[in-house]
2 protein chains.
Amino acid sequence: MNELDLDTPAVVVDMARLEQNVARMAAVAGKAGVRLRPHAKTHKSAAVARLQIDAGAAGLTVAKLGEAEAFADAGFDDFFIAYPTVGQDKARRLLALSERARLIVGVDSEEGARTLAEVFSAADRRLDVRIEVDVGLNRTGVGPDAALALARSLARLPGLRLQGLFTHAGQAYAEPSPDRVAAVGRSEGETLARCAEALRADGFDIEDVSVGSTPTAVEAMSVAGVTECRPGTYVFNDATQVALGVCGPEQCALTVLATVASVPAPDRAVVDAGTKTLTSEAIRSRTDTFGLLTDGRGRLVRLTEEHGVVEPSPNARFRVGERVRILPSHVCPVVNLHDRLTGVRDGHVECALDVTARGRVR
Amino acid sequence: MNELDLDTPAVVVDMARLEQNVARMAAVAGKAGVRLRPHAKTHKSAAVARLQIDAGAAGLTVAKLGEAEAFADAGFDDFFIAYPTVGQDKARRLLALSERARLIVGVDSEEGARTLAEVFSAADRRLDVRIEVDVGLNRTGVGPDAALALARSLARLPGLRLQGLFTHAGQAYAEPSPDRVAAVGRSEGETLARCAEALRADGFDIEDVSVGSTPTAVEAMSVAGVTECRPGTYVFNDATQVALGVCGPEQCALTVLATVASVPAPDRAVVDAGTKTLTSEAIRSRTDTFGLLTDGRGRLVRLTEEHGVVEPSPNARFRVGERVRILPSHVCPVVNLHDRLTGVRDGHVECALDVTARGRVR
């Protein structure tokens, strides 16, 4: 079946580009001598995770415990949950999951870690944890100077073993140029590596120094002392990565096929993909644009739930019923809206990619 | 089970408030002598649709054919697809669905309608359609002055019957006051009713004059000549409706329970609900706020995929592990992220509400 004959809206993955993206990042990590533990939140798909593992990934990163459970059900068995996971319910689920998978879990507070420690020590088990260090995103994590104090607190809790440190330099997305993005990546790696040295000097056995994010990955992996990297978006890329200069349009593997449902005026075409297909996220650094037509004929300037309003490029004309292909602003939440992606090769439908962990926010 | 013991994030529906919202809108419609055909895109839930039908709704409105198919599978049999539905695939699916449900479908162009006409006339069947009239949203639909010409075009197509007119005055969401919103509603009803009269004067049998949207519903239903109304959000309401003055906080039936995962600084708490739980939509007219804590202790000022950053209100303090309750900005796309909502009454879990048509964007 020709991909243009798919009923719309359809989320389409170019399998050749996906495979190239997977291979390219694996090669960068291999050359740097860094383990790749890709973030599966981007694709949430067992089939894509399998490609990553087959290309040498050391395991998967996930954001939520529920994602790890879904991937464990699909046969994967080595997870880093890069999230401060707290509470009794989560601790008991972690304990159950640890029976069938190797787990490492993020922590950024003694209060949060204590419940995990209680549940694991009561079961006479030990959970590997990593301290989240904030290197400038101002989201979760302790500052680099506070990591040692938290490490000492964790050492007093039975049932936990401090395995490493991790950070996510998401602030790179606010930078306007590839050079600035690269500088964030270097700083990310250097700060975390220094932090690890300080803990080692205090007697802690810090095994992994884990950095992450697609824009900063290449630079951060080049820093001595970094042992692991967790990029996610690189498998598909998106309009934000292109705008950042992180990749070219030809490296974008995921697009949304849509149909022009209405051409109410010469300056407006409306496609059958709105926020329930594309999310309401704009391209970072280009807040008036919610997706790009890949043929350059227009951009999405307004979305409602099931309508995407295209502003045509000069001289572009649209007709009702024609297909258009959209490069989304941010691919990760787009995938999470859909139960299934369609894998294509050379314009022909090859396979369905189930979104194994779709909606697993708990 | 106490609702506060639910694992988080959890989307919680207060069943008493939901029932009151359903009854209140049904009463307004009954008093106005207008048929209510609520928009099911808000809840996408067979259980909620059943409440609406039991309260007297004349059928369901949906945005996409796939939603109608999902509700038909759940036993419903009367749909208005308020969307310019185009293309061979959709036409064939409409024909199949028409075997088991009464259908009315939106059209706003002859090109779009022609395929539907061909498929239905080839099967010796007739499809009821309504012309979408644009009364100021500038999305889909023909202008009021162009409706007559489109009606004449449709009359030349076999297989279609022009059943009515419809509009959606979504521009009300841009208005800063209840009075201005009400004025949009009056204008919506009056413009569409006048348009219907013009078509009737030309010999068309315009059965339904259908308006919609929660903010404009009450005012638009009061206009003579309006026969049907299609509000959706009213069943749950949300922070945008409260900001518009359309409802009070005590009429909001859907909230998201979340857990404080991290308190990295006195001016910041981070909860386990981000854009994959709440979407990235801000409150309309308050673009720096992505949700409100219902107890007034803070607001969500930044979301990433699984993190919600709360800015505490003056003197508010948060601790890791505590539960918070969030009123979302816009409820419709929130529901579409989740497979199941949890119905509660008096703080206790009563039922699960399956999101029957989740993700049905085709």
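The values are calculated or read from the model by the stated rules, or taken from the named source; none is laboratory data. No experiment lies behind these values; they were computed from the predicted model shown. Glycine gets a Cβ as well: all are built from the backbone with ideal geometry, and neighbour counts include every protein chain shown.
Worth a mention:
- Flag for B:A224 being within 19 Å of the chain's Cα centre (by Cα) and either part of a loop (DSSP other than H, G, I, E, B) or not assigned by TED's automatic domain parsing to the domain that holds B:R302 (or both): no
- Selection from the stretch A:222-254 of residues that are closer than 22 Å to A:R186 by Cα and in contact with an Asp or Glu (Cβ under 6 Å, 6 or more places away or on another chain): A:V223, A:T227, A:E228
- Which numbered condition A:L51 misses (of (1) among the hydrophobic types (A, V, I, L, M, F, W, C); (2) surrounded by 20 or more Cβ atoms within 10 Å (Cβ to Cβ); (3) in contact with a strand residue (DSSP E or B) (Cβ under 9 Å, 6 or more places away or on another chain)): (3)
- Some residue of the stretch A:6-15 being in contact with a Cys (Cβ under 9 Å, 6 or more places away or on another chain), polar (S, T, N, Q), surrounded by 22 or more Cβ atoms within 10 Å (Cβ to Cβ) and not in a helix (DSSP H, G or I): no
- Yes/no for A:L341 being within 26 Å of B:H338 (Cα to Cα) and touching a helix residue (DSSP H, G or I) at 6+ places or on another chain (Cβ under 6 Å): no
- Residue that is nearest to B:T304 (Cα to Cα), among those in the stretch A:283-294 that are in contact with a helix residue (DSSP H, G or I) (Cβ under 9 Å, 6 or more places away or on another chain) and without any contact (Cβ under 8 Å) to a residue 60 or more places away in the chain: A:I283
- Hits in the stretch A:222-235 - residues which are over 26 Å from A:A16 (Cα atoms) and polar (S, T, N, Q): A:S222, A:T227
- Sole residue being surrounded by 24 or more Cβ atoms within 10 Å (Cβ to Cβ), more than 23 Å from B:T85 (Cβ to Cβ) and either of a type in the set (K, R) or more than 10 Å from chain B (Cβ to nearest Cβ) (or both), chosen from A:V242, A:V271, A:V246, A:V310: A:V246
- Checking each residue of the stretch A:119-132 against the condition of being within 11 Å of chain B (Cβ to nearest Cβ) and out of contact with any Pro (no Cβ under 9 Å at 6 or more places or on another chain) gives no match.
- Residue match in the stretch A:155-163 (condition: within 13 Å of chain B (Cβ to nearest Cβ) and surrounded by 22 or more Cβ atoms within 10 Å (Cβ to Cβ)): no
- Scan of the stretch B:51-86 for residues that are at positive phi and either at pLDDT below 95 or in contact with a helix residue (DSSP H, G or I) (Cβ under 6 Å, 6 or more places away or on another chain) (or both), ordered by number: B:G56
- Among the residues of the stretch A:74-96, just one is without any contact (Cβ under 8 Å) to a residue 24 or more places away in the chain and more than 20 Å from B:R319 (Cβ to Cβ), namely A:A96.
- In the stretch B:21-58, residue farthest from the other protein chains (Cβ to nearest Cβ) [restricted to those that are in a loop (DSSP other than H, G, I, E, B), under 14 Å from the mean Cα position of the chain (by Cα) and among the small types (G, A, S)]: B:S45
- Just one of the numbered conditions (1) in a loop (DSSP other than H, G, I, E, B); (2) closer than 22 Å to A:V355 by Cβ is not true of A:F80: (1).
- Candidate set from the stretch A:251-297 (those that are under 24 Å from the mean Cα position of the chain (by Cα) and of a type in the set (D, E, K, R)); member that is farthest from A:L18 (Cα to Cα): A:D288
- Of all residues in the stretch B:56-103, exactly one satisfies the criterion of being touching an Asp or Glu at 6+ places or on another chain (Cβ under 7 Å) and under 16 Å from B:L157 (Cβ atoms), namely B:P84.
- Residue in the stretch A:61-76 that is in a strand (DSSP E or B), within 14 Å of another protein chain (Cβ to nearest Cβ), farther than 30 Å from A:R161 by Cβ and within 20 Å of the chain's Cα centre (by Cα) present: no
- Candidate set from the stretch B:97-137 (those that are among the basic types (K, R) and in a loop (DSSP other than H, G, I, E, B)); member that is farthest from A:R319 (Cα to Cα): B:R100
- Scanning the stretch B:98-115 for residues that are touching a helix residue (DSSP H, G or I) at 6+ places or on another chain (Cβ under 9 Å) and more than 14 Å from every other protein chain (Cβ to nearest Cβ) gives B:S98, B:R100, B:A101, B:L103.
- Restricting B:E207, B:E219 to residues that are over 21 Å from the mean Cα position of the chain (by Cα) and modelled with pLDDT of 95 or more narrows the list to B:E207.
- B:D238 fulfils the conditions (1) over 15 Å from B:R17 (Cβ atoms); (2) under 16 Å from the mean Cα position of the chain (by Cα) except for a single criterion, (1).
- Meets criteria (closer than 30 Å to A:D339 by Cα and modelled with pLDDT of 95 or more) for A:C195: no
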